[in-house]
1. Please give the direction-averaged projected area of the C-alpha convex hull for segment 213-412, in square nanometres with one decimal.
2. Mind listing the phi-derived Karplus ³J(HN,Hα) values for segment 177-194, rounded to whole Hz, using 6.51, -1.76 and 1.60 with θ = phi - 60°, and x for any glycine or proline?
3. Which entries in 74/268; 233/295; 177/295; 263/316; 74/220 show an alpha-carbon gap greater than 28 Å?
4. For residue 37, enumerate residues with amide H under 5 Å from its amide H, sequence gap 5+ or separate chain, H modeled in the peptide plane.
5. For segment 128-134, what does the Karplus curve 6.51 cos²θ - 1.76 cosθ + 1.60, with θ = phi - 60°, yield as ³J(HN,Hα) per residue in whole Hz, taken in order and with x for Gly and Pro?
6. With θ taken as phi - 60° and the coefficients 6.51, -1.76 and 1.60, list the Karplus ³J(HN,Hα) couplings across segment 233-243 in order, rounded to whole Hz; mark glycine and proline as x.
7. Using r as the Cβ-Cβ distance of residue 265 and residue 109, and R0 as 60 Å, what FRET efficiency do you calculate, to the nearest 0.05?
8. Hand me the GluC sites (Glu not before Pro) from segment 231-340 located in a DSSP loop with no more than 10 other Cβ atoms within 10 Å, in residue order please.
Amino acid sequence: MPATAQPLRDAQSNQALIGRQPIFDAHKQVVAYELLFRSSQKNAATVLDEDQATGDVLVNAFVEIGLEGLVGNKLAFINLTRRFIENEELIPDAPGQLVLEILETIVPDAALIQRVASLAERGFTIALDDWEEGSNLAPLLPMADIVKVELPAIAPEDLPRHVAELKKHNVRLLAEKLETSEEFEQCSRLGFDYFQGYFLSRPEIVAGKKIQPSQFAALKILSAASHPNVTLKELEEIVSSDPALSYKFLRFINSIHLGLRYKVSSIKQAISMLGINGVRRIVSLLTVAGMCQDKPTELMRMALIRGQMAMALAEKLKHEEAAAFFTAGLISLMDAILDTPLSEVLKKLPLERWVIDGIENGTGILGTVLASVKAYEEGKLDQIGIPGLDASDINDAYWAAVRTADELDSIAAP
C-alpha cells in the first residue's frame, strides 16, 4: 500500500477526492463505511458520470490506496451503476467485504434482476439505495440484504408503516441522512439495524446540564496546555501532576508511531525531545480522549482525524502556528463530547482570538481549513476548497490523518 493516497484524475484531468462516511450499529459502533468519490471542481456532477465515479472508487479501493487503508476490517459500501451490474467482471472479487449498493435511479428489467441475483449467489451483500415510497428498486427486494431508507424523503408519521412493510422481506434496515440524536433514537425504537449520518457530531444539549467535575478537571488541563505562553516547565508540571496522564503520555511517545530509537522513561526526557508544540499536542489529545469516556469511540476518532488533518493542511500552507490547528480541530468537537454549547467551552480556554474566531465563526484561514475538514468528514467533497492547495494535498492530509487515528486511538483511548 502506498505511503500516501494519490487521487485519480477524471476524463478532463481534474483531480478527484475520495472519502468515506461511517455506518453505525445500534450501539453507535462503526460497522462499515460508504466510499465516496467527487471531482475537486465545483461542477463535479456535470464532469463525471456515475460509471466514472464507481470505477474510480473501485480503483482507489483496490489499487491506489487499498481496501484495508480505506476501511480496515469493516464492510465497504460502494455505489453500483447498471453498467457494473451488467458486467460482473468489473467488480472485484471481495464478496466478504464489499456491499454492493444499487442506485435508486436504476429501473430493473428481467436481465438486470438476473444479474443482481447472480451477484447475491456469489456471496455479495446487496443493498438498495435511497428507498422511498414507489421506489424503482422494489423488484430487487427478494435479493436484497439491506435497504437504505432515506429519512428526509419519508414523513415521520409514515415511517412505522414503511418499516413494517420492509421487514416482511427479511431485510436489514439502514436509516440514512440522520442529523440528530432524536432521529437516531426514533429509528432505533422502530427496529432499524444500521444508521448513517452526522448525528454523532451533534451535541445533545440539555438545559441546565453542567460539566462534570472530571471533565472540568480535564478542561483545566487542556486550558493550561493550550495557553499560547505556556512554558516547557509548566507543561512538565501539568503532566506530572496527573498520574493517569503521565502514564498515557509515556505510553504514547513510546508507541511505534513515533519511531523513537530508544525507550523514553521520564516526563522530563520526553519533553526535552518533543519540544513545546509536540508536548502540547499530545497532552491535548490525551486530555480530550479522557473526556470521551461515555461517548462512542468514533467520536474520539473524529476528533483525532480533525486535529491531524487540520494540522497537516496548515503545514502544507507553511503556517507558522500549525500546532494550533491541531488543537482547534480537537476543540471543534468539544460541544458533542461535553454536550455543552461550544461558545461555553471556548470561554473556559485561553485561546488566541484568531483561534476562537476560526472555530466559532469560521473566519480566517483556520476557519477555511476547518470548514474543508468538516466537509470531507461529512462526505461533502464538492464543498472542499483551500486557496493554495489542490486535491492531492487535501486527499493526502485526510488519509494520513485516518491512518494516524487508526494507529493512535487505541493508545489514547480512556
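1. Details: hull surface 43.0 nm².
Its Cα hull, projected and averaged over all orientations, spans 10.8 nm².
2. 6, 6, 10, 9, 5, 5, 5, 4, 5, 4, 5, 5, 5, 6, x, 5, 9, 10
3. Details: 74/268 40 Å; 233/295 33 Å; 177/295 21 Å; 263/316 31 Å; 74/220 37 Å.
Pairs exceeding 28 Å: 74/268; 233/295; 263/316; 74/220.
4. The answer is 19.
5. 9, 8, 6, 5, 8, 3, x
6. Karplus-based 3J(HN,Hα) across segment 233-243 equals 4, 5, 5, 4, 5, 4, 5, 5, 6, 10, x Hz.
7. Working: r = 69 Å, r/R0 = 1.15.
About 0.30, to the nearest 0.05.
8. Details: sites: 234, 236, 237, 298, 315, 320, 321; in loops: 320, 321.
Here the sparse-neighbourhood loop sites are 320.
Since every read-out is calculated from the coordinates, none of them should be taken as a lab result. Bear in mind that the values here come from a model prediction, so they are computed numbers and not experimental data. Ideal geometry is used to build each Cβ from the backbone, glycine not excepted, and the neighbour counts take in all protein chains shown.
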